[in-house]
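The values are calculated or read from the model by the stated rules, or taken from the named source; none is laboratory data. Here the structure is a predicted model, which is why all the values come from computation and not from measurement. As a convention, Cβ positions derive from the backbone with ideal geometry for all residues, glycine included, and neighbour counts pool all protein chains shown.
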Amino acid sequence: MKLDVLQTGPIPPIVEPIFDEAFTMHKLHKAADREAFLKDVAPKIRGIATFGAIPISAEFMQKFPKLEIVANMGVGYDSVDAKWAGEHGIIVTNTPGVLDDEVADTTIALLLNTLRQLPQSERYLRAGKWVEKAFPLTAASLRDRTIGIIGMGRIGKAIAKRIEAFGRPVVYHSRRPAADVSYRHYPKLLDMARDVDTLIAIIPGGAETKHMIDARVFEALGPSGVFINVARGSVVDENALIEALRSKKILSAGLDVFADEPRVPQELIDMDHIVLFPHVASASVHTRRAMGTLVADNLKAWAAGKPPLTPVPETPYPPKR
């Protein structure tokens, strides 16, 4: 008997055959009447594969009396109530490791694009303006900047390693010092923001980090400051960021994530001195294949009676007593 798995959204086509062959997939996103669909399939669902932005809340998980595992595609799993799942014997997995390099590479690209206004210069050329006069000199560059990283997990370390290759100093803020790094640790975010001119956010979303980057942080960062977000839109007070950019309390921002994706505030879209990406940090064929395969491998292991490969801390395996 194949594991009955609820699929919450479209699976990347490059890995969809893996799921269709290994499991009995119940595709919620294709249901004309979702409530009727859920009522019909709920009694047999043992696994959920999270694709898309549907929150996997406690209320949602309670619909499935046989639910055993929620396999999340992505390192961040703030859309899953992992705490409730752990308290009720449900395993939650994510996909760490396989996207570190892609996200770190994109972060550096976003940083350089923001500092040197490279997308703006390309638009300038395409608009035919270069024949009239040269593109204006950019005020900022990576030269002489100190980079403060908010978060020093796997991806934070990969970003830091790349920045070191540019010869720039790296410091970081996290709840506790990270192992195996020599960078200066700041216990307080505001202290770090005052001492650097560039901030990169790469922390999990969720209640604990919501709006931790706020008006006070931008004030501390200062008028030459640049803010890069490849974490979650929720970690930033987006209104405070818009105001800081509008009033020139900071110089610029490079954003790959937003509070209400894919809806981006018009105020940000209208600003020509910032750089906006449509959440593409891990969006390569190679990385999405690896992420999707790891989701499937977690479900396959569980279906075979084996331990999950990458359980999250809130749902350790075997469960802590």
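Does any residue of segment 234-257 turn out to be assigned to a helix (DSSP H, G or I), in contact with a Leu (Cβ under 9 Å, 6 or more places away or on another chain) and buried (at least 23 other Cβ atoms within 10 Å of the Cβ)? So far as segment 234-257 goes, yes, one or more of its residues are assigned to a helix (DSSP H, G or I), in contact with a Leu (Cβ under 9 Å, 6 or more places away or on another chain) and buried (at least 23 other Cβ atoms within 10 Å of the Cβ). Selection over segment 257-278 of residues that are in contact (Cβ under 8 Å) with a residue 40 or more places away in the chain and of a type outside the set (Val, Ile, Thr) gives a count of 4. Selection of first residues in segment 45-60 that are within 14 Å of residue 11 (Cβ to Cβ) and of second residues that are aliphatic (A, V, I, L, M) and in a loop (DSSP other than H, G, I, E, B), restricted to Cβ pairs under 8 Å at least 6 apart or on distinct chains, gives the following pairs, ordered by first then second residue: 47/3; 47/67; 48/67; 49/11; 49/73; 50/73; 51/11; 51/73. Once segment 17-34 is narrowed to residues that are part of a helix (DSSP H, G or I) and in contact with a helix residue (DSSP H, G or I) (Cβ under 8 Å, 6 or more places away or on another chain), the residue that is surrounded by the fewest Cβ atoms within 10 Å (Cβ to Cβ) is 34. Taking the residues in segment 122-162 that are more than 20 Å from residue 184 (Cβ to Cβ) and buried (at least 16 other Cβ atoms within 10 Å of the Cβ) as candidates, determine which candidate is modelled with the lowest pLDDT. Among them, the one singled out is 140.
The set of residues in segment 134-162 being in a loop (DSSP other than H, G, I, E, B) and within 22 Å of residue 178 (Cα to Cα) consists of 146, 151, 152, 153.
Output the residues belonging to segment 202-225 that are among the aliphatic types (A, V, I, L, M) and either surrounded by 24 or more Cβ atoms within 10 Å (Cβ to Cβ) or not assigned by TED's automatic domain parsing to the domain that holds residue 105 (or both).
Hits for segment 202-225 are 202, 203, 213, 217, 221.
Does at least one position in segment 101-117 carry a residue that is over 22 Å from the mean Cα position of the chain (by Cα) and either modelled with pLDDT of 95 or more or on the phi < 0 side of the Ramachandran plot (or both)? The answer is yes, given that some residue of segment 101-117 is over 22 Å from the mean Cα position of the chain (by Cα) and either modelled with pLDDT of 95 or more or on the phi < 0 side of the Ramachandran plot (or both).
Looking across segment 66-112, the residues that are β-branched (Val, Ile, Thr) and farther than 18 Å from residue 306 by Cβ come down to 75, 80, 98, 103, 106, 107, 108. The combined condition, being outside any loop (DSSP other than H, G, I, E, B) and either out of contact with any strand residue (DSSP E or B) (no Cβ under 9 Å at 6 or more places or on another chain) or not assigned by TED's automatic domain parsing to the domain that holds residue 232 (or both), is fulfilled by residue 37.
Hey, could you check segment 281-310 for residues that are part of a loop (DSSP other than H, G, I, E, B) and surrounded by 15 or more Cβ atoms within 10 Å (Cβ to Cβ) and say which is farthest from the chain's Cα centre (by Cα)?
Only one residue fits best here, namely 308.
Among the candidates 107, 198, 95, 114, single out the residue that is more than 21 Å from residue 227 (Cβ to Cβ), crowded, with 17+ Cβ neighbours inside 10 Å and of a type outside the set (Phe, Trp, Tyr).
Just a single option satisfies the conditions, and that option is 95.
Only a single criterion out of (1) surrounded by fewer than 18 Cβ atoms within 10 Å (Cβ to Cβ); (2) at pLDDT 95 or above; (3) more than 23 Å from residue 317 (Cα to Cα); (4) more than 22 Å from the chain's Cα centre (by Cα) is not satisfied by residue 1, namely (2). Residue 83 falls short on exactly one of the conditions (1) of a type in the set (Lys, Arg); (2) in a helix (DSSP H, G or I); (3) more than 24 Å from residue 207 (Cβ to Cβ), and that condition is (3).
When residues in segment 203-224 are screened for being part of a loop (DSSP other than H, G, I, E, B) and out of contact with any Ser or Thr (no Cβ under 7 Å at 6 or more places or on another chain), 8 of them pass.
Among the residues of this structure, residue 77 does not count as one that is outside the structural domain of residue 291 (by TED's automatic domain parsing) and either crowded, with 19+ Cβ neighbours inside 10 Å or part of a helix (DSSP H, G or I) (or both). Got at least one residue in segment 108-121 being over 25 Å from residue 74 (Cα atoms) and not in a helix (DSSP H, G or I)? Yes.
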